[in-house]
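*Asks:* Supplied in structure tokens, the structure appears directly below.
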Amino acid sequence: MGNNRMAEKSLISRRVAAGMCIVLGMALAACRDGNAPAAQNAPLPQVSVMRPQPREVREQLDLSGTVAPSATVTLVARVQGVLKEIGFSDGANVKQGQLLFRIEPDTYRAQLTYDQAELVNAEQELTRQKQLTADNATSESSLQKAQTTRDQALAKRDMSRINLGYTEIRAPFSGRIGARSFDVGNLVGASDSTKLATLDRIQPVYVNFTLNERDANRIGLFTKPPRTVRVNVLGAPAGKGEDAALEFVDTRVDSSSGAIRLRADIANKDAHLIPGMSVEVHIPAGAPQNVLLVPDTALLREQAGAFVLVVNSASVIEKRAVVTGGLFGSLRAITSGLNAGDQVVTGGALAVAPGTKVQVAAAGMQGQS
């Protein structure tokens, strides 16, 4: 009797368990059936793409340079006196020969008049001594003394004339003059180096820069140096530069830095370059070559090298190793690894991985050089 009851309880338990399994299975199936449409309808990741731009480019070296005047002079007072006149405004452009400073000339003009009179007297005495010598009426020593006196008077007269000329200081060349150090009424020339102002020639100007030994050999600087370089103001578009003649290459490489000094001469017709300004210097570094250009921001890098992500014909992301060249504006040259028809990912690359199916959001050329 007890055994029968136990058997019935066991049968009931197995039936309940089986029923629960059936219900659980139906619930799981229902869940799978309900999620399947949601998974199928999930949107694909969107990426922006571009097609590489074919172009003929020329590699170049990008260096930093400093503008310097092509000539500079410190104007000093070479005679002592009160400053009577200033013929310019601080920071102005001046012409060659323009009067810049006048130091009181009266004293030096009077000295010249006096010395000229002394010279006349000395010349008359020399003439008289020569006549007496011809008549054997004087000694040879008297003639020599008269000759010496005349020569000294001549030298003194010439020095007075030079000093009078020093009372006017004129521009030795056209350029831009700095601020004056003294105002009218001041005594100048009391010391041997009274600096009055500085004059710089800025048309043309020099651009000084350095080049390391490796790049110098690369462009043939020591065998066939380039004749021109391109100079750009910092921040200016690449195409807005100005050609400058490479007119000086130093005779030796600096042993401490491994660099050589160079200098370019630029016309600076509109005077936009001023001494001390920092500029960009671009030197051609090879023959023109045909490359594909992509935005530099599209490049990704790993230990093995640079690569880009491309969208293939099946709208699937592929990883493509590339060999890069120079930078032209915001575009990077690709010398191998890409075709002109490839769709290079330029936006959304961080959200996708190779093998991911994507949706292209935009296509075209991005970035300018």
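The values are calculated or read from the model by the stated rules, or taken from the named source; none is laboratory data. Computed from a predicted structure; not experimentally measured. We place every Cβ from the backbone using ideal geometry, glycine too, and count neighbours over all the protein chains shown.
*Asks:* Tell me the residue from G258, G276, G220 that is within 12 Å of the chain's Cα centre (by Cα) and either under 29 Å from S330 (Cβ atoms) or surrounded by fewer than 17 Cβ atoms within 10 Å (Cβ to Cβ) (or both), please.
*Replies:* G276
*Asks:* Are there any pairs with C-beta distances below 6 angstrom linking a residue in region 171-192 that is more than 30 Å from A267 (Cβ to Cβ) to a residue that is in a loop (DSSP other than H, G, I, E, B), with the two at least 6 apart or on different chains, and if so which?
*Replies:* Listed pairs, sorted by first residue: V188/F182; G189/V79; G189/Q80; A190/Q80.
*Asks:* Every residue in region 195-238 that is over 22 Å from P69 (Cα atoms) and hydroxyl-bearing (S, T, Y), please.
*Replies:* Residue satisfying the conditions is T223 alone.
*Asks:* Right, next: Among A137, A155, which is of a type in the set (A, V, I, L, M) and either in a helix (DSSP H, G or I) or not assigned by TED's automatic domain parsing to the domain that holds V79 (or both)?
*Replies:* Testing whether each residue is of a type in the set (A, V, I, L, M) and either in a helix (DSSP H, G or I) or not assigned by TED's automatic domain parsing to the domain that holds V79 (or both) leaves just A155.
*Asks:* Looking at V253 and the list (1) among the hydrophobic types (A, V, I, L, M, F, W, C); (2) free of Cβ contacts under 8 Å to residues at least 60 places away in the same chain; (3) surrounded by fewer than 14 Cβ atoms within 10 Å (Cβ to Cβ), which single condition is not satisfied?
*Replies:* Failing condition for V253: (3).
*Asks:* Select the strands (runs of 3 or more DSSP E) contained entirely in region 283-369, then report the ones holding at least 1 residues which are modelled with pLDDT of 90 or more, in contact with a Phe, Trp or Tyr (Cβ under 9 Å, 6 or more places away or on another chain) and closer than 27 Å to A236 by Cβ.
*Replies:* Filter on region 283-369 gives 289-295.
*Asks:* Consider T210 against the criteria (1) under 12 Å from the mean Cα position of the chain (by Cα); (2) over 30 Å from T74 (Cα atoms); (3) part of a strand (DSSP E or B): it satisfies all of them except one. Which criterion is unmet?
*Replies:* Failing condition for T210: (2).
*Asks:* Could you say which residue among Q147, Q111 is touching a Ser or Thr at 6+ places or on another chain (Cβ under 7 Å), surrounded by 14 or more Cβ atoms within 10 Å (Cβ to Cβ) and not hydroxyl-bearing (S, T, Y)?
*Replies:* Q111
*Asks:* Right, here's the next one. Go through region 173-192 and give me each residue that's in contact with a strand residue (DSSP E or B) (Cβ under 6 Å, 6 or more places away or on another chain) and either surrounded by 15 or more Cβ atoms within 10 Å (Cβ to Cβ) or not β-branched (V, I, T) (or both).
*Replies:* F173, G175, R176, I177, G178, R180, S181, F182, N186, L187, V188, G189
*Asks:* Could I ask something else about it? Does R128 satisfy being of a type in the set (K, R) and either under 19 Å from V76 (Cα atoms) or at pLDDT 95 or above (or both)?
*Replies:* no
*Asks:* For R252, only one of the following conditions fails: (1) touching a strand residue (DSSP E or B) at 6+ places or on another chain (Cβ under 7 Å); (2) outside any strand (DSSP E or B). What is its number?
*Replies:* Among (1) touching a strand residue (DSSP E or B) at 6+ places or on another chain (Cβ under 7 Å); (2) outside any strand (DSSP E or B), the lone unmet condition for R252 is (1).
*Asks:* Also, I was wondering about something else. Name the one entry in A340, A349, A353 that is under 11 Å from Q46 (Cα atoms) and of a type outside the set (D, E, K, R).
*Replies:* Answer to the check: A349.
*Asks:* Okay, next question. Note down all Cβ pairs under 7 Å where the first residue falls in region 97-108 and is at positive phi, the second is surrounded by fewer than 18 Cβ atoms within 10 Å (Cβ to Cβ) and modelled with pLDDT of 95 or more, and they're at least six residues apart or on different chains.
*Replies:* What qualifies is G97/R170.
*Asks:* Give L234, L211 a once-over and let me know the one that is closer than 27 Å to S330 by Cα, surrounded by 19 or more Cβ atoms within 10 Å (Cβ to Cβ) and either touching a Leu at 6+ places or on another chain (Cβ under 6 Å) or in the same structural domain as A271 (by TED's automatic domain parsing) (or both).
*Replies:* None of the others qualify; the one that does is L211.
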